[in-house]
Amino acid sequence: MRRGISAAAFFLVLQYGLFIFVYTQCIIQSQPSGQWLFVMLGWLIQGIMLRLLIGGFKADKSDLLSKLNASGKWLRLGLVWPLLLSNLLTIGIIIRGHSQVLSVLYLPNTPIGFMLALLLCTALTVAYAGKDSLLRLSLVIGCLMLPLVLLAFIAVLKYVNPDMIFPIQPSMEFMTKPKLMPVFFILSNVFSLIAFVGPHSSVSKYWIWGAWGFSLLLFLLNVYLPVSVFGQEVVKDLRFPSLLLLDSVRVDWFFFDGISLFYILAIMISTLLNISSLLWLTRQLTVQSAFVPKLMTNPASVSLLAIAVAYAIPNLESLEILMVWGGPLRFALLLMLGIIGVYYRKRAKTGEKPRA
């Protein structure tokens, strides 16, 4: 049960660590009204992928990582390298994006390189630990940060005008707009990490499904709170709607002048866990592979490569373009992993050995 609670906290902490990054603005800018439609669609897609990636392996109590390491030569060669490159690109995008946000909003005089190094050095202290340490840390972060994030949203409720969310009639414009593509970056990153920290017992899976259900509330709050305060026409032109909303809230009972300062702190701590998890996963994928240089087994080396990737991204506009292309590709890669997971699960149930 304790592991199940930790896995659920891990799932939620990974979610809200990326909300500030692209989710809110992508959803709002992709359609003029009825944003709830894609929120629901994205949530359901995430549920389907979770079912594919964590739903099985009961017969031999294994997980996707162990199955991948035990698979055939060509399957490993075809999947390990794309996963490694995807993880490296994801780390570079995350640290560059969050450093840019901090630089624009709070630390304009701090060099970007210093913030990149600070994020990665802090994450490295956890990346060398095992997955149990990651899960325990996520439980601590979740217990401390998630209630206060919800408290920040509650403080906004007095500014809410329910009339602003109308009309709620959804449109299909989002299907033709590339602005929505970065959302796949968030969805794919979360269920990819949760799939590799198994095996998950039946009790753990119940907790994860409960966290998945609760995440729908977070999705809706991050979209509709800015809409209900600023209005549909104003909010679509804002780059960070949630941050600007919380920055406008003033409370005299909190130890920060603006509640947005705490919100950004919670986001950054969550981001550190995200980066640590990606570094840990990269190490686990390479440590048992003969196809990968030993350089990639060291999280410090991967961090230096990620800094190089981050420096190659000149600004936020280039970052968004990269996510437009990279998000769906990472999602497709993980969909392939989900299908492979179903294959191994069926083989395990029938007692047959995999052919690859």
13 Å beta-carbon shell around residue 322, net charge (K/R +1, D/E -1) | 0
Which of the peptides 165-171, 150-156, 94-100 is most tightly packed, and how do the rest follow, judged by the mean count of other Cβ atoms within 10 Å per residue?
-> 94-100, 150-156, 165-171
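No lab work stands behind these numbers, since they all come straight from the coordinates. Predicted model only: the values in this text are computed from it and were never measured. Methodologically, a virtual Cβ is constructed for each residue, glycine included, from the backbone with ideal geometry; neighbour enumeration extends over all protein chains shown.
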